[in-house]
Amino acid sequence: MSDAPMPASLRNLADARGLARAAGDSLHGVLLAGFMLYTFIGTRPFADASVAERVEGSPLDRFAVLGLFLLALVTIVVHYRAAATLFIRNLPLVAFTGFSMASMVWSDYPGLTLRRALLLLFLTTIGAGIAASLQDLRRFHTWWFLGLTGVMLVNLVGTALWPGVAITDIGVRGLYTQKNVAGLVAMITVICGATWILGATRARSIGLGLLMLLPALLFLVITKSKTSIGLTGVAVMMIAVLACAEWLGARFVLLMIALGLLAVTALLGLFAVFDFNLDALLTATLGDASFTGRDELWAFALRSAQERFWLGHGYGAFWDVGLAADPLQRLEPGTWLGDVEIGTINQAHNGYLELWLHVGLPATIAAALIVASGALSGTAQAIAGPLGRPARAAIGFLAMLLWLYLLHNLTEATLFMRGTVLSNVAVLCLFVLSRGRDFAAGAGRA
């Protein structure tokens, strides 16, 4: 082997590639940090937004999102090959975003639709930029766990310092506008931590991960968000089952299938006991067949959605359109929904009905299929992919969030709703999971 020095041209080329790689990593880190700060902390923590502010939007939010969007564009240019692949793999998501923009043509409020659809477009681009510049799934997972744990500590410290702001009569809201959002962020943190621990290869890391989970578990409990607590329980059980299936093999899988069939049989038997009356079953098991009054809201949303069955009222053009034009103004007093202060309710508390209101039923079905397809792909990568356990744990985290996204929208409205925590995260999950195929392909060739 020759000991001759490397030619200057080759050294310069290697140095240039090293600088480009370092610049790409720096862009990824800054963009991810900015995305997490915007999504989980926001521009005005511990503050309430009035109805008028929700209509007009926050100048600080616009400045933050625009800055991240421009940074994402630079990142996409630097990682143009990965970005082009992401674009092709996520054409349905890109098409849905474009359709939301196009809905301004038939929108009840074209100006609002343009502004709110642009926010969706910007956030989608930011998610694509983060995914295109991703280099290491385990490191990505670790930064998420560290960042979210920091968010939990900020919430707990803020609740202790400003209890009058952070604590409400129905639960702790922390730095968010309501307890359901607080519970949602805590849920994401617990799922992130649980999957990160599964990917750990050293006992010290496992112990540290368990310690870091404590603030999230505490905050989740004090939010009293029943939806988030229930979904977290379901997710943790599913994670435990999948982990046991990997460790114990096919016999455990067969045992779980048998137990699942028994559970379905028991549920059908219970349903038969109540003469197949769903309201009676829900009242007996949950104590509230109306889901805390959501049934009336769902009925109103369904009637309104059917008025614009195919194309909807325009993306972002149903709620928060001004007090005089609020859709609940059409209701007569006499029910809790008709008597509530105008402007208080700004979602259908069901993501599928909500999106139907905005863009019509066909686009809503397409949106649900986009998420379900991503969740299925991620689950397959996590269970049977060629990557090592740490990377598959990161993929499992993303896939689990998408499954929870679909379930969460049964009682809350976040399905591709611009700026909401779970929508921002879900779009990023879809892009990163499609990017994960590149890592899997590389591991398969190795």
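The values are calculated or read from the model by the stated rules, or taken from the named source; none is laboratory data. This structure is a prediction, so every number in the text was calculated from the model and none was measured. Glycine also receives a Cβ, built like all others from the backbone with ideal geometry; neighbour counts cover every protein chain displayed. For accessibility, only protein heavy atoms count, side chains too; no ligands or nucleic acids. Shrake-Rupley method; radii C 1.70, N 1.55, O 1.52, S 1.80 Å.
Compute the convex hull volume of the Cα atoms of the stretch 80-119, divide it by the residue count, and report the result per residue in Å³ as a whole number.
Per residue, the Cα convex hull of the stretch 80-119 comes to 64 Å³.
Give me the percent relative contact order of the stretch 58-122, please, defined on Cα pairs under 8 angstrom at least 6 residues apart. Don't jump to the answer; show the numbers that get you there.
Values: 22 pairs, mean separation 20.6, N = 65.
Worked out over the stretch 58-122, it gives 32 percent.
Measuring from label point to label point, each 7 Å out along Cα→Cβ, what is the ASP169 to ALA203 span in nm?
Modelled inter-label distance: 5.2 nm.
Among 294-305, 192-203, 126-137, how do they line up from the highest to the lowest mean number of other beta-carbon atoms within 10 Å? Display every interim value, and only then the final one.
On the way: 294-305: 17.3, 192-203: 20.0, 126-137: 24.2.
My ranking of the peptides, most packed first, is 126-137, 192-203, 294-305.
Which FRET efficiency value, to the nearest 0.05, do you get for ASP339 and ALA266 by plugging their Cβ-Cβ distance into 1/(1 + (r/R0)^6) with R0 = 51 Å?
Details: r = 41 Å, r/R0 = 0.80.
Once the sixth-power term is evaluated, E becomes 0.80.
How large is the direction-averaged shadow of the alpha-carbon convex hull of the stretch 385-438, in nm²?
Details: hull surface 15.2 nm².
The directionally averaged projection comes out at 3.8 nm².
Eigenvalues of the Cα gyration tensor times 5, then square-rooted: what semi-axes does that give for the stretch 120-199, in whole angstrom, largest first? Could the numbers behind the result be given before it?
Details: eigenvalues 156, 55, 22 Å².
With the √(5λ) rule applied to the stretch 120-199, the semi-axes are 28, 17, 10 Å.
Could you work out Rg/(2.2 N^0.38 Å) for the stretch 52-167, with Rg from alpha carbons only?
On the way: Rg = 18.0 Å, N = 116, 2.2 N^0.38 = 13.4 Å.
That works out to 1.34 for the stretch 52-167.
Out of residues 5 or more away from THR168 or on other chains, whose amide H comes under 5 Å of its own, with H placed 1.01 Å from N in the peptide plane?
ARG173
Leaving ligands, DNA and RNA out of it, work out the accessible area of HIS28 with a 1.4 Å probe and give it in Å² to the nearest 10.
Approximately 30 Å² of HIS28 is accessible to the 1.4 Å probe.
Can you bin every Cα-Cα distance in the stretch 31-111 into 5 Å intervals starting at zero and give me the percent of pairs per bin, rounded to whole numbers?
Distribution as computed: 3, 11, 13, 17, 21, 18, 11, 5, 1 percent.
Let me have the relative contact order for the stretch 127-251, percent, based on Cα pairs under 8 Å that are six or more residues apart. Provide the component values of the computation, followed by the final result.
Details: 121 pairs, mean separation 31.5, N = 125.
25 percent.
How would LYS224, LYS179 line up by accessible area, probe 1.4 Å, largest first? Before the final figure, lay out the partial values.
On the way: LYS224 120, LYS179 35 Å².
Correct descending sequence by accessible area is LYS224, LYS179.
Roughly how many Å² of ILE365 are accessible to a 1.4 Å probe, to the nearest 10?
Solvent-accessible area, nearest 10 Å²: 90 Å².
Calculate log10 I(q)/I(0) of the stretch 120-273 for q = 0.21 Å⁻¹, where I(q) comes from the Debye formula with a single equal point scatterer on each Cα and nothing for solvent.
Debye output, listed in q order: -1.23.
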